[in-house]
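S.K.: Supplied in structure tokens, the structure appears directly below.
The values are calculated or read from the model by the stated rules, or taken from the named source; none is laboratory data. None of these values were measured; they are calculated from a predicted model. Note that we place each Cβ from the backbone using ideal geometry, even for glycine, and neighbour counts take in every protein chain shown. Each accessible area value is taken on the protein alone, full model and side chains, heavy atoms only, with ligands, DNA and RNA left out. Shrake-Rupley method; radii C 1.70, N 1.55, O 1.52, S 1.80 Å.
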Amino acid sequence: MKLGVIEDHANRGRLAKLLRFQSSHHASNVTSLAEYVERMTEKQEHIYFVAGAGRAEVEKSPFVERLLKKGYEVLYLVEPVDEYAIQSLPDFDGKKFQNVAKEGLKFADEGEKAKGRQEALEKKFEPLTAWLKDKALKDKIEKAVVSNRLTDSPCALVASSYGWSGNMERIMKAQAYAQTGDATSNYYANQKKTLELNPRHPLVKKLLDKVEADKEDQTASDLAEVMFETAVLRSGYSLQDSAEFAGRIERMLRLSMNVPLDEAIEPEEDEPEETDEEGDGEEVEADADDDDDEQTAEEETPEEEEAVEEEVESQEEQVTAGGDDDQSARDEL
């Protein structure tokens with residue numbers, strides 16, 4: 001049915017009424033789009049959705065933090081075809097769809113005070129956002145901005161309106177028939193994304209202090225890189241260089257545990273070689289074993305000794321008899 005929404009343009013509207021998706025409204029039951037619209041808040045203008053590999057993943061996604069806190073319902077697209085199907089629908093019942101993993105997320109219930117606070121935060125964090133864009137992450141992000149969607153996570157990586165979400169990127173890379181070096185795929189895959197910062201998170205506030213104190217601080221640069229790479233993973237994307245990420249984590253662990261950065265790894269001890277004395281000892285033991293074998297071979301049983309004695313006596317009798325015969329012959333002569 002979801003494939004029909006993608007392929008059957010004429011009946012797309014009617015098929016959309018039959019679609020069912022998981023939702024934040026219920027832990028196990030699925031919901032229709034019509035039921036979602038009925039539950040929308042008064043000023044809500046969009047149908048919010050997030051896509052991922054499973055419900056556990058999307059429930060913990062940084063993109064849904066403020067939405068759920070504000071009481072908005074979010075559709076969980078956890079089947080590979082779900083995101084394709086939703087993207088094929090321009091709207092439903094006059095409500096447009098909003099992928100919360102992409103830029104442009106707005107809350108209709110926020111008034112002028114909320115907009116004023118957001119502008120004040122953007123001005124306060126401008127040194128940090130400019131430093132991230134122009135220096136620390138200049139080759140990795142399109143821009144850095146103060147987020148209005150994060151509550152618990154320090155940062156998140158947000159795709160452009162026409163870019164791939166982390167889920168779509170994973171699906172496209174997993175396709176067996178995907179052409180290597182395809183220009184269209186490379187364009188979407190290599191698009192730079194927006195790094196959104198949570199201005200209330202202690203790590204972000206500390207990074208701002210470090211940048212304002214010294215823009216050349218190596219620790220600040222490492223922290224920015226690690227925060228960016230964790231945002232890549234948290235947002236559903238894959239790292240291009242996992243070894244570099246592991247090296248930065250090790251550096252930060254050394255600093256936190258007061259281990260010098262230049263302290264080398266302890267070399268392994270070489271195993272001792274076998275000495276000649278051991279070989280001589282083995283030869284002596286072998287000779288002793290041979291002597292024992294010979295001694296055992298020389299030992300005879302009582303039966304064997306008795307047989308030998310009888311044979312000796314028989315031979316002696318024969319010799320005696322032969323001697324008597326020789327004496328008789330000499331007497332006759």
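S.K.: Under a crude label model (7 Å from the Cα following the beta-carbon direction), how far is Leu239 from Lys192 in nanometres?
M.R.: Roughly 2.2 nm, to one decimal.
S.K.: Whole-Hz Karplus ³J(HN,Hα) for the stretch 67-78, in order, using 6.51 cos²θ - 1.76 cosθ + 1.60 and θ = phi - 60°, x for Gly and Pro?
M.R.: For the stretch 67-78, the Karplus-derived couplings read 4, 5, 5, 7, x, 7, 8, 10, 6, 9, 9, 10 Hz, x marking Gly and Pro.
S.K.: Computed FRET efficiency, Cβ-Cβ of Leu261 and Asp152, R0 45 Å: what is it to the nearest 0.05?
M.R.: Using R0 = 45 Å, I get an efficiency of 0.90.
S.K.: In what sequence, highest mean first, do 108-119, 82-93 appear when ranked by Cβ atoms within 10 angstrom?
M.R.: Packing proxy ranking, top to bottom: 82-93, 108-119.
S.K.: Sticking with this one: In nm, give the distance between the simple-model label positions of Ala130 and Met1, each being 7 Å from the Cα along the Cα-to-Cβ direction.
M.R.: That separation, rounded to one decimal, is 5.4 nm.
S.K.: Here's another thing I want to ask about it. Please arrange Thr184, Thr151 by accessible surface area, largest first, computed with a 1.4 Å probe and ligands excluded.
M.R.: Per-residue accessible area, sorted high to low, gives Thr184, Thr151.
S.K.: R0 = 45 Å: FRET efficiency of Arg200 with Glu271, Cβ-based, nearest 0.05?
M.R.: 0.20
S.K.: Would you grab the residues whose amide H sits under 5 Å from the one on Val74? Only those 5+ places off in sequence or on another chain, please, with H modelled 1.01 Å from N.
M.R.: HN-HN under 5 Å from Val74: Ser24, His25.
S.K.: How far apart, in nanometres, would the label points at His25 and Lys215 be if each is projected 7 angstrom from Cα along the Cα-to-Cβ direction?
M.R.: 5.0
S.K.: Got a sec? What order do Tyr48, Tyr187 fall in by accessible area at 1.4 Å, biggest, i.e. largest, first?
M.R.: Tyr187, Tyr48
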